[in-house]
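The structure appears right after this line, and notes come after that.
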Ligand SMILES: [Zn+2]
Ligand SMILES: [Zn+2]
């Protein structure tokens, strides 16, 4: 499906930056060139192996990266923290390791001039949601303290989960509580929200979901992970599809964007080929109000 025809649904001037997660395997310079080719105004990268515990190392091309970001006006720049991190774990050792790993990501991201670090809310592992949330809040606070003590630190954003097993923060209320208590902002993943039970697929749904989000989080939404869902509403199973190719109609996004002015959007959808990936960025820009961003937007 190549849904170019959905542009008629965009009714507002676009105020949000739009981009996607990009690989850094060819170096940060190549990643930025790739971002430019795809029309990305914001980017997300990994700064360490997300599946291993090795800490991020400052890359030799970090200087080139900072200059390239400034030159292209890319904002915000986002790192996604390791998937292994679980600040809410009932195991003290894993919790400790997670705090140190997140602190290292915040510090390294800050050193590299990145603005935001997205971290998953984690799992209580059978200890109950209450205790899990307490640990998550404490872990976020400690990681931030550690990172700030060692110099420049990026801002952490805690992400909503699909609510599988003992995962925390699949509801906006839980996510809102954590952001308030820990003094952080959130990243809201649309595919996660959908499979957790927020119906973005029916007409009028996105407006209601946005209103719930607003009520629970206020202005603490720092980023949207814009992913179409591979799995059904309420299935609690993760899986990302390209925009317009999953369970959520492309037209839903115009409605959601209208309710979240200025909140940057990063897609974590499957790569296809450069043309299809550029087309997806273009489509989302049109749904958000147009190819050009309003001067007043961030
Ligand atoms: Zn994530
Ligand atoms: Zn996901």
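The values are calculated or read from the model by the stated rules, or taken from the named source; none is laboratory data. Everything quoted here is computed from the prediction, not taken from an experiment. Heads up, the Cβs are rebuilt from the backbone with ideal geometry, glycines too, and the neighbour counts pull from every protein chain shown.
Observations, loosely collected:
- Count of region 148-161 residues which are surrounded by 23 or more Cβ atoms within 10 Å (Cβ to Cβ) and either within 16 Å of ligand 2 (Cβ to nearest atom) or closer than 18 Å to residue 86 by Cα (or both): 5
- Region 175-187, subset surrounded by fewer than 20 Cβ atoms within 10 Å (Cβ to Cβ) and over 15 Å from residue 219 (Cβ atoms), residue farthest from ligand 2 (Cβ to nearest atom): 181
- Top-ranked residue of region 80-121 - restricted to ones that are within 16 Å of ligand 2 (Cβ to nearest atom), crowded, with 20+ Cβ neighbours inside 10 Å and within 15 Å of the chain's Cα centre (by Cα), ranked as farthest from residue 19 (Cα to Cα): 121
- Failed item, numbered, when residue 37 is tested on (1) more than 23 Å from residue 284 (Cβ to Cβ); (2) at pLDDT 95 or above; (3) not in a loop (DSSP other than H, G, I, E, B): (1)
- Residue 208 satisfies every condition listed in (1) surrounded by fewer than 22 Cβ atoms within 10 Å (Cβ to Cβ); (2) within 16 Å of ligand 1 (Cβ to nearest atom); (3) farther than 19 Å from residue 168 by Cα except (2).
- Residue match in region 139-161 (condition: within 15 Å of ligand 1 (Cβ to nearest atom) and in a loop (DSSP other than H, G, I, E, B)): yes
- Contact annotation: residue pairs with Cβ atoms under 8 Å, 6 or more positions apart or on different chains, pairing a residue in region 226-242 that is more than 18 Å from residue 18 (Cβ to Cβ) with a partner that is assigned to a strand (DSSP E or B), are 229/240; 229/241; 230/240; 230/241; 239/229.
- In region 194-205, of all residues being in a helix (DSSP H, G or I) and closer than 17 Å to residue 254 by Cβ, the one that is farthest from ligand 1 (Cβ to nearest atom) corresponds to 205.
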